[in-house]
Amino acid sequence: MAGAGPSVLLISGRLANFAAMEQMEMTTDKDSCRILVSVMLKHGVREAVVSPGSRNAPLVVAVSACAGIRTTVVVDERCAAFVALGKASVSAAPVMLVCTSGTAVLNYAPAVAEAYYRNIPLVVVSADRPMEWIDQDDSQTLRQYEALSHYVKRSYNIPSPCADDALRWYVNRVANDAMINCLSGRRAPVHINVQLDAPLGTLAAPRHDRWAERHIRMVEPEMSLSPEQTAGLARLLAPGRKVLVIAGFHDPCPELDRALESLSESGNVAVMCETVANLRSGRFIHDIDATLSSMTEEELAAMRPDTVVTLGGAIVSRFVKTYLRGGAPVEHIHVGMTDNTVDCFQRLTVRVPMHPADFFGTMAGYVRSAGGADPCAGGYGVRWQDYALRGRRVHAGYVESAPWSDLKAMGFVMSHLPEGCALQLSNGTSVRYAQLFPAMQAVRSDCNRGVSGIDGCTSTAIGASTEYSGPTVFVTGDMSAQYDMGAFALDCVPARFRMVVLCNGGGGIFRFIGSTSALPQLEEYFVVPRRFPLRQLAEAYGYGYFEAGSEEDLAVQFDRFMAPSDRPAVLAIHTSGDVSASVLREYFRLKG
């Protein structure tokens, strides 16, 4: 304590003036923590998800003392990271994660990896022991610096103590650089590891100096194509060529909707989009799997595009991947802010690091000004719409006659989602079923498709629901829900949160996919049915609980489940896993 500044409150043998203390807005005496939080606030951080600990106490104090940052406390670091992921995915703003030393930061890895591949700005701040204690068999010490290096844009390390002006300058520079990296270009997580020495709980009055106040701004110039680049790319999209645009997961963007609509008016362009692409237009094909699976090999060959343009993240549909990876070569343009050369269809010829709305707006304007009809492509876009319409008719007839199953239940849920809700989907069969039932009444649809992990889906959905003022409906399976049971204990769950659980005995996807469905080990090693006390969990944590075991039950219970309430609710839908898998397999054998 001897080196502390005059603003530090020392309580030794003397009587402290407690009244004066209560009037002061106290913060930590650790300058590194104080500067970090101040700079993050200036760069737009308004949310922090904090997990309790002792080593991170100065960071927690600094965040709690910052009036501009709201805090959510989550005990389990894995849940905490997914909650932050959900918040940032909906708000589009950076969210700070704060954990203590030791294995805590390693629990962040699944959510940070997901954020990296979904371009979501998380700012991971981990407290650490001083460097000299690492690898010395001291409690809660491991090599934390760069522990997340494969899944963040940059890793930073701040030493302890932060005792002079040069080190305070360093902390300010690191904080500004981290936020600039997080938010510029392709957005992605960053990791700041802060070494902190004892004592950890000393409070001090706020002290505003230049290193807490300096804000380094990043000015990013507008991206645009040169006239020569525009003309060259437009030739690949021009009338006379068959152009297929495919959208993976993407945030809602009205400008992108308008640009793609305009481009599709040329007649030779068809736009296919997945549920999580969040595109909104009647001109687009929103049910890729229903369309492609209903077509014959001859029809697919005749509709093979000359040019494919992709945007957004990873594609869910295995049908479109198989379709485009085979057959004759095509020109493939990928549009988006990516660090890597993404060649999922093994056909990539052009990479355009540009925001899709800007790219398609430019292309639509150029093609429109060039004029011309579609004599060679023969109404390519219209023909795709015809196949999509036929696929919908086949789909509707099959679902209508199908027995009680996951397909039947999902059809009901997706068609009865309330107008203006937000839809969250878990990985496994939930997101795949959602591709068959476009829910245009939802304002947005999201799923952890960056790395498609089954873990943390519930926590992500809850985090997202805290950032959306309307109802959020989360559709998951019983196995996915078991992976994230800790989410039931979260204190931040809003009363408008609704969770639909497909209870089919666990692991429905393993009963369907070819790699596992025929294995003799299916039941023992993959499906692994076990008792899942969903009702008890829901009731123990204050959720309303509803269940349905038939179409008639679901029709009655769904309205009750969705009705406004003073608490969140769970709807368990019971189906047979074997029947559901059989129904889905037959679905994809249908032809128009």
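Where a number appears in this text, it was derived from the coordinates with a stated rule and is not lab data. Just so it is clear, the model here is predicted, and its values are computed rather than measured. Ideal geometry is used to build each Cβ from the backbone, glycine not excepted, and the neighbour counts take in all protein chains shown.
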Run a plain Debye calculation on segment 156-279 (Cα atoms as equal point scatterers, no solvent) and give log10 I(q)/I(0) at q = 0.10 Å⁻¹, rounded to two decimals, same order as the q list. -0.61
Hey, what angle do you get for helix 380-401 against the long axis of the chain, alpha-carbon based, 0 to 90 degrees rounded to 10? 90 degrees
What ranking do 233-239, 258-264 get when scored by the average of other Cβ atoms within 10 Å per residue, highest first? 258-264, 233-239
Taking 39-45, 325-331 and ranking on average Cβ neighbours within 10 Å, highest first, one gets 39-45, 325-331
From zero up to wherever the largest Cα-Cα distance of segment 227-388 sits, split into 10 Å bins and tell me the percent of pairs in each. 11, 44, 38, 6, 0
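Is segment 26-201 rounded, prolate or oblate when judged by the Cα gyration tensor, a ≥ b ≥ c being the square roots of its eigenvalues, rounded requiring a/c under 1.5 and prolate requiring a/b larger than b/c?
Because its axes are fairly even, with a/c under 1.5, segment 26-201 counts as rounded.
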What is the Rg over Rh value, at two decimals, for segment 402-587, using alpha-carbon atoms and the Kirkwood definition of Rh? 0.94
Got the relative contact order for segment 227-388 handy, in percent, Cα pairs under 8 Å and 6 or more residues apart? 33 percent
With x for Gly and Pro, the residue-by-residue ³J(HN,Hα) of segment 27-40, computed from phi through the Karplus equation 6.51 cos²θ - 1.76 cosθ + 1.60 at θ = phi - 60° and given in whole Hz, is 9, 6, 8, 7, 4, 4, 5, 4, 5, 4, 5, 4, 5, 4
Tell me, how many Å apart are the Cα centres for segment 48-80 and for segment 195-254? 26 Å
0 to 90° range, to nearest 10: angle between helix 356-370 axis and the chain longest Cα axis: 40 degrees
From the cross-link list Lys153/Lys242; Lys87/Lys408; Lys242/Lys408; Lys42/Lys153, which pairs have alpha carbons spaced over 26 Å apart? Lys153/Lys242; Lys87/Lys408; Lys242/Lys408
Considering only DSSP beta bridges where both residues belong to the chain, give the percentage that are antiparallel (nearest 5). 5 percent
Relative contact order (%) - criterion: Cα under 8 Å, at least six apart; region: the chain: 13 percent
Based on the inverse mean of 1/r over its pairs of different Cα atoms, what is the Kirkwood hydrodynamic radius of segment 72-162, in Å? 13.6 Å
Quick one: which residues, 5 or more positions from His332 or on another chain, have an amide H under 5 Å from its amide H? H modelled 1.01 Å from N in the peptide plane, none for Pro or chain starts. Val308, Thr349, Val350
Which log10 I(q)/I(0) values, to two decimals, does the chain give at q = 0.05, 0.08 Å⁻¹ under the Debye formula with one point per Cα? -0.25, -0.63
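Regarding segment 409-455, what's the average projected area of the Cα-atom convex hull, expressed in nm²?
3.2 nm²
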Can you tell me the relative contact order of segment 402-587? Whole percent, Cα pairs under 8 Å, sequence separation 6 or more. 24 percent
What value does segment 110-184 have for Rg/Rh, both radii from Cα atoms and Rh as Kirkwood defines it? 1.01
